[in-house]
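These notes are about the structure you will find just below.
The values are calculated or read from the model by the stated rules, or taken from the named source; none is laboratory data. Remember, predicted model here, so these are calculated numbers, not experimental data. Heads up, the Cβs are rebuilt from the backbone with ideal geometry, glycines too, and the neighbour counts pull from every protein chain shown. For the accessible areas, the whole protein counts, side chains as well, though only heavy atoms, and no ligand, DNA or RNA atoms are used. Shrake-Rupley method; radii C 1.70, N 1.55, O 1.52, S 1.80 Å.
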Amino acid sequence: MFNSIPKVTRQLLLINVLVFVAQNVFPSLDFNGSLHYVLSPYFHIYQPITYMFLHGSFTHLMFNMLALWMFGRSVEPALGTQRFLTFYLVCGLGAALCQELWQTADFFLFSGALAPTVGASGAIYGVLLAFGMLYPNDRIMLLFPPIPMKAKYFVFVFAAIELWSAFGTNDNVAHLAHLGGMFFGWGMFRYWRHRANAHLRATQQTYGPRPASSWSSPTTPPPPPTADQAYNAQRNAKEARLDALLDKIRQSGYDSLTEAEKRDLFDNSKH
């Protein structure tokens with residue numbers, strides 16, 4: 001069963017569990033790897049990466065890994081291995097940046113306590129957002145209350161809860177980091193869509209249909225594309241096709257794809 005989980009999701013699950021075991025064997029790992037405030041003498045440049053693999057308790061680890069398993073196994077095949085890993089790390093780094101900005105405001109405006117931050121929640125909230133964008137009409141069963149809800153509404157509800165909790169509670173949870181992970185995840189989708197559209201326009205301009213006048217003389221045929229141009233056109237067309245399929249999934253859900261489109265999604269997601 002473990003081998004049926006997509007590669008990156010499986011490796012992230014394993015790394016987080018192993019690091020949690022190491023935390024309990026080497027207590028200094030917990031303190032040195034946590035994300036400290038950037039002006040703290042305990043801050044180190046590697047902490048925006050290491051913090052997302054540390055957890056404060058077994059319950060903290062269990063809920064984060066359950067969410068990663070639930071949503072990562074669907075998001076990773078849709079994005080592809082490389083894209084999913086990039087997406088996960090960017091969301092985690094974005095969560096760290098938002099947490100640092102929040103602590104700066106808290107320190108200078110409210111003189112709040114600057115506790116270190118640990119947990120994969122920021123990155124996983126980004127994965128949750130990706131699931132909602134890719135499979136908006138898939139239903140998720142809530143635990144409390146136990147009712148089904150479409151993924152797009154599920155994501156909205158969680159974002160609203162985190163926003164309210166950030167300003168309306170004092171529960172020592174990094175709510176702004178969670179929102180930061182979602183915000184950077186949304187930004188990644190926007191960036192990929194913009195890049196795919198730019199590639200598609202460039203491909204159409206280079207290899208699209210030409211005016212009839214340009215073909216009027218049989219003695220001046222258009223020059224054949226070079227090997228580099230042909231490779232770039234093929235790559236751009238592949239990325240444009242993948243983004244078009246992801247857009248369709250985001251709008252209508254995975255089940256709206258035809259069998260041919262599902263095969264295309266699988267083939268184009270392999271990097």
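Which one is nearest to PHE58 (Cα to Cα), of the residues in region 18-35 that are at pLDDT 95 or above and open to solvent by 70 Å² or more (accessible area, probe 1.4 Å)?
VAL21
Looking at this structure, is ASN232 buried (at least 16 other Cβ atoms within 10 Å of the Cβ), modelled with pLDDT under 70 and more than 28 Å from LEU128 (Cβ to Cβ)?
Details: buried (at least 16 other Cβ atoms within 10 Å of the Cβ): yes; modelled with pLDDT under 70: yes; more than 28 Å from LEU128 (Cβ to Cβ): yes.
Yes, satisfied.
Would you be able to tell me the number of residues in region 181-194 that are more than 13 Å from PHE87 (Cα to Cα) and open to solvent by less than 70 Å² (accessible area, probe 1.4 Å)?
Here is the first cut: in region 181-194, the residues more than 13 Å from PHE87 (Cα to Cα) are 193-194.
Still in the running and open to solvent by less than 70 Å² (accessible area, probe 1.4 Å): 193.
Within region 181-194, residues that are more than 13 Å from PHE87 (Cα to Cα) and open to solvent by less than 70 Å² (accessible area, probe 1.4 Å) number 1.
Return the total of residues in region 101-133 being more than 17 Å from HIS60 (Cβ to Cβ), at pLDDT 90 or above and surrounded by 22 or more Cβ atoms within 10 Å (Cβ to Cβ). Explain how you work it out, then say what you get.
Keep residues of region 101-133 that are more than 17 Å from HIS60 (Cβ to Cβ), which gives 101-114, 126, 129-133.
Narrowing further to those that are at pLDDT 90 or above: 101, 126, 129-133.
Remaining after also requiring surrounded by 22 or more Cβ atoms within 10 Å (Cβ to Cβ): 126, 129-132.
Here the count works out to 5.
Have a look at ALA67, ALA123, ALA105, ALA96 and point out the one that is touching a residue at least 24 places away in the same chain (Cβ under 8 Å) and either more than 28 Å from SER4 (Cα to Cα) or in contact with a Pro (Cβ under 8 Å, 6 or more places away or on another chain) (or both).
Values: ALA67 fails: either more than 28 Å from SER4 (Cα to Cα) or in contact with a Pro (Cβ under 8 Å, 6 or more places away or on another chain) (or both); ALA123 fails: either more than 28 Å from SER4 (Cα to Cα) or in contact with a Pro (Cβ under 8 Å, 6 or more places away or on another chain) (or both); ALA105 fails: touching a residue at least 24 places away in the same chain (Cβ under 8 Å).
On inspection, the qualifying residue turns out to be ALA96.
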